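For reference, the structure discussed in these notes is given below.
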Amino acid sequence: MKIRNALILCLGVSLSGLSFADSAELNQARELAKQFVGQLQPELGAAMKAGGPVNAIGVCQTKAPQIAQNLSAKSGWDLKRVSLKNRAATAKADNWEHQVLSRFDQQRAQGADPATLEYSEIVHEKGQKTFRYMKAIAIGQGQPCLHCHGTNINETVKQKLVELYPQDKATGYSEGQIRGAFSFKKVL
Ligand code: HEC
């Protein structure tokens, strides 16, 4: 147990994460994360091009949950995005997600590249063995994220965000920070 905890501290991965490194579930989760990004990013890019951030807010609001739902229905996994400072009410982190997100932030502070941060674990939830996976989502260089998540948000964008998300916590970020994470799970 001690060795296990030491490993978690040193490497930021659990033994289950390691021993299932090439498990079918981990590979599936990674593939789903790729598909999620692959579907969302072009939508966001196109919307930004077509009408700037004010227009693209609506796309984020409708397309992101739609993509998550479609991929969930297709794969049998439960897919979502979460954050310690969530915008969507559905993106509020549960206890397990909160711990993992905090650890991602620590790892980044210690110099880790956020693009490499992921974590998986088999947990018991509601009496069911469940595979859980998270992958950090960072604000990359040259990406449009800060128009809607940054410190210097355009007044019109700000107004629309307040209107749609009166409880919004997802602003004030800067480049390189971790905005949130993909969080996927599947009952085994
Ligand atoms: C045009 C405005 C806009 C841009 C640009 C944008 N976002 Fe968002 N983001 C949103 C909105 C709106 C939501 C809430 C979506 C919903 O209701 O499900 C959101 C939600 C999220 C979430 C889910 C967690 C939460 O807090 O709800 C993450 C993670 C996220 N954005 C990351 C990013 C990253 C990374 C980028 C840059 C690649 C980015 N966003 C660019 C508007 C934007």
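Determine whether segment 45-67 contains at least one residue that is touching a helix residue (DSSP H, G or I) at 6+ places or on another chain (Cβ under 8 Å), more than 9 Å from the ligand (Cβ to nearest atom) and of a type in the set (S, T, N, Q). No: zero hits. For Gln28, the conditions (1) within 9 Å of the ligand (Cβ to nearest atom); (2) touching a strand residue (DSSP E or B) at 6+ places or on another chain (Cβ under 9 Å) are fulfilled apart from (1).
Taking the criterion of being within 8 Å of the ligand (Cβ to nearest atom), modelled with pLDDT of 95 or more and not in a strand (DSSP E or B), would at least one residue in segment 74-85 satisfy it? The answer is yes; a qualifying residue exists. Within segment 135-171, the set of residues being among the polar types (S, T, N, Q) and within 27 Å of Glu118 (Cβ to Cβ) comprises Gln141, Gln143, Thr171. Of the helices (runs of 4 or more DSSP H) lying entirely inside segment 87-169, not one contains at least 3 residues that are at positive phi and out of contact with any Phe, Trp or Tyr (no Cβ under 9 Å at 6 or more places or on another chain). Close contacts from segment 52-73, counting a first residue that is of a type in the set (A, V, I, L, M, F, W, C) and crowded, with 19+ Cβ neighbours inside 10 Å and a second that is outside any helix (DSSP H, G or I) and at pLDDT below 95, with Cβ to Cβ under 9 Å and a gap of 6+ residues or different chains, come to Ala56/Pro144.
The lone criterion from (1) within 21 Å of Asn55 (Cβ to Cβ); (2) surrounded by fewer than 20 Cβ atoms within 10 Å (Cβ to Cβ) left unmet by His149 is number (2). Within segment 134-149, residues that are under 30 Å from Ile122 (Cα atoms) and near the ligand (Cβ under 6 Å from one of its atoms) have Cβ atoms under 6 Å from residues that are part of a loop (DSSP other than H, G, I, E, B) and hydroxyl-bearing (Ser, Thr, Tyr) in these pairs: Ile139/Tyr173, counting only partners at least 6 apart in sequence or on another chain.
Just for segment 159-188: of the residues that are of a type outside the set (A, V, I, L, M) and free of Cβ contacts under 8 Å to residues at least 12 places away in the same chain, which one is nearest to the ligand (Cβ to nearest atom)? This residue is Glu163.
The values are calculated or read from the model by the stated rules, or taken from the named source; none is laboratory data. What you see is a predicted model; the values in this text were computed from it and never measured. Cβ coordinates were reconstructed from backbone atoms using ideal geometry, including for glycine residues, and neighbour counts include every protein chain displayed.
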